[in-house]
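To keep things clear, I will list the structure first and then write my remarks on it.
Each value in this text was obtained by applying a stated rule to the coordinates, not by laboratory testing. For clarity, every value in this text was computed on a predicted model and none was experimentally measured. No Cβ is skipped: glycine too gets one built from the backbone with ideal geometry, and neighbour counts run over all protein chains shown.
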Ligand code: GDP
Ligand code: ZN
């Protein structure tokens with residue numbers, strides 16, 4: 001998640017002395033390892049056997065090494081195993097980099113280009129770790145089955161809001177919309193459309209139906225991630241987008257279609273239609289990552305606009321006098337259900353913090 005400094009400070013303050021000590025120790029060890037690595041890279045550099053600087057794209061990340069796809073020159077499209085100069089902060093899948101070719105399909109990354117978005121997740125100590133960079137769209141997949149619930153949808157949307165990456169809500173399995181569930185689904189989608197979210201419909205199975213969009217049109221020419229509850233059809237959709245070859249290398253298990261990954265690292269795939277997809281089991285669980293109460297508040301976009309308008313700076317928005325948020329709910333400007341859920345998410349979190 002793209003991080004704002006106030007919340008970041010909060011995360012830091014939560015660490016106790018022992019955790020801080022552990023982190024410091026880990027950082028020292030890491031620095032020592034990096035220094036050693038830097039030495040061997042400089043040896044190579046000194047030997048003058050690295051080629052000219054050029055642009056590349058990180059498509060996978062394995063500990064100290066990364067797979068980088070060449071973006072220019074005669075090697076365009078080939079993938080090289082690259083090492084990183086120690087002075088570059090952590091690189092992730094989706095990062096654009098400057099690298100120099102070495103021998104035998106290896107290279108050295110010498111710089112990271114600016115990112116326009118960054119997905120980060122908190123580790124066990126509350127420190128943030130980048131997961132993937134330069135994502136243009138988060139596609140939140142829902143389906144008539146498993147039955148969609150506003151509170152879970154909100155959870156994904158809130159997480160997405162904190163990254164500032166736009167979200168598309170994609171209803172999959174339109175072939176399972178019946179006279180029994182149609183009204184409830186339409187109403188649910190209308191509630192999110194009213195909040196300004198883009199809504200699309202498809203069916204990975206039939207790939208037709210009046211309202212079905214071709215998912216290719218959604219992902220064309222950009223970098224997307226698919227998130228959403230298990231069983232909504234993410235793997236099925238991804239399978240329709242991926243070229244045969246990447247399915248074979250184990251992106252998604254062919255036999256079960258259950259999305260069994262051979263690795264947990266985020267990987268970037270080029271799609272048939274000319275877009276990119278970044279996928280990993282962790283990214284699929286994205287909405288369930290830990291969030292601070294501030295992030296949750298910020299993530300309810302209609303509530304965010306009211307933050308700071310309450311009479312008291314430390315307003316709990318739960319009945320304090322002069323509360324702008326409660327007032328907005330009373331006036332019908334924001335939905336009382338969404339307000340209730342934002343409170344539930346926040347108090348659920350607070351009880352978790354206390355029990356830690
Ligand atoms: P994931 O857990 O989100 O990756 O979901 P999967 O792709 O594994 O799909 C879960 C189940 O839904 C599988 O049995 C799929 O065959 C089924 N499924 C996926 N898309 C559709 C669809 O458009 N229509 C119907 N009827 N079933 C679908
Ligand atoms: Zn308030």
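For all pairs of alpha-carbon atoms in segment 64-140, what percent lies in each bin of width 5 Å, listed from the first bin to the last filled one?
With a bin width of 5 Å, the distribution comes to 3, 14, 23, 22, 17, 11, 6, 3, 0.
If you wrap a convex hull around the Cα atoms of segment 306-348, how much volume per residue is inside, in Å³?
Per-residue hull volume (Cα only) is 64 Å³.
What FRET efficiency comes out for residue 288 versus residue 98 if R0 is 51 angstrom and r is the Cβ-Cβ distance? Round to the nearest 0.05. Please list the in-between numbers first.
Details: r = 35 Å, r/R0 = 0.69.
Computed FRET efficiency for residue 288 and residue 98 comes out at 0.90.
Note the direction-averaged projected area, equal to a quarter of the hull surface, for the Cα convex hull of segment 277-326, in nm². Kindly include the intermediate steps, with their values, before the conclusion.
Working: hull surface 18.3 nm².
Over every viewing direction, the Cα hull of segment 277-326 projects on average to 4.6 nm².
On the principal axes of its Cα set, how long, how wide and how thick is segment 110-228? Give whole Å, largest value first.
Sorted largest first, the three principal extents are 56, 31, 24 Å.
Of the DSSP beta bridges with both residues in segment 21-170, give the percent that are antiparallel, rounding to the nearest 5.
Details: 24 of 33 bridges.
That works out to approximately 75 percent antiparallel.
Rank-order 54-65, 128-139 by packing density, defined as the average count of other C-beta atoms within 10 Å over each peptide's residues, highest first. It would help to have the intermediate numbers written out before the result.
Working: 54-65: 18.2, 128-139: 21.9.
Highest-to-lowest ranking by the protection proxy: 128-139, 54-65.
If contacts are Cα pairs under 8 angstrom and at least 6 residues apart, what is the relative contact order of segment 83-136 in percent? Please list the in-between numbers first.
On the way: 91 pairs, mean separation 19.2, N = 54.
So the answer I get is 36 percent.
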